Amino acid sequence: MFLEILFLIVLAVGIVDLVVMVEVSNAIGIYIVTTSQLLGAAFGWYKLRRLDFNLFFFLDAQLKNNLKIIRELWDEAFVLTGVCFLIVPGFLSDIVGIICLIPKFRFIFLEWID
């Protein structure tokens, strides 16, 4: 269930992002947009190499078994989600990815889910 919801969120953000990116590239130029997206994706791939992607599968199994997940795992999941959003091309996904990487916003969101 967790992975399916995460997939749908990433897919929806990706579709909206592509539409926004086309409009922005018409306004400011394709080279600036391409450079910003390549830099964001490179940073995302760099950070992803240091994280364990299997955390998503572990969280999915824990949620299916109705087990409580400790706060540190949720925090790591938000970092991993933010990195994945940075890899997806688009401005909206980059904003969501950066928000997931900022500790203050993660703390606020973790307080909301607890």
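At-a-glance table
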read-out: Matching residues in region 34-52 - criterion: being outside any helix (DSSP H, G or I) and exposed (fewer than 12 other Cβ atoms within 10 Å of the Cβ); value: ARG49, ARG50, ASP52
read-out: Selected residue [closer than 26 Å to LEU110 by Cβ, touching a Phe, Trp or Tyr at 6+ places or on another chain (Cβ under 9 Å), without any contact (Cβ under 8 Å) to a residue 60 or more places away in the chain and not in a loop (DSSP other than H, G, I, E, B)] from LEU6, LEU55, LEU80; value: LEU80
read-out: Test: residue in region 13-33 that is under 12 Å from the mean Cα position of the chain (by Cα) and either in contact (Cβ under 8 Å) with a residue 60 or more places away in the chain or in a helix (DSSP H, G or I) (or both); value: yes
read-out: Boolean, PHE105 is in a helix (DSSP H, G or I), surrounded by 12 or more Cβ atoms within 10 Å (Cβ to Cβ), within 14 Å of the chain's Cα centre (by Cα) and of a type in the set (Phe, Trp, Tyr); value: yes
read-out: Residue tally, condition closer than 18 Å to PHE7 by Cα and either buried (at least 17 other Cβ atoms within 10 Å of the Cβ) or of a type in the set (Val, Ile, Thr) (or both), over region 57-73; value: 1
read-out: Members of region 10-20 found to be closer than 14 Å to LEU86 by Cα and of a type outside the set (D, E, K, R), listed by number; value: VAL10, LEU11, VAL13, GLY14, LEU18
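All of the numbers you see were taken from the coordinates with simple rules; none came from a lab. Keep in mind it's a predicted model, so treat the numbers as computed, not measured. Don't worry about glycine lacking a Cβ; one is built from the backbone with ideal geometry, like all the others, and counts go over all protein chains shown.
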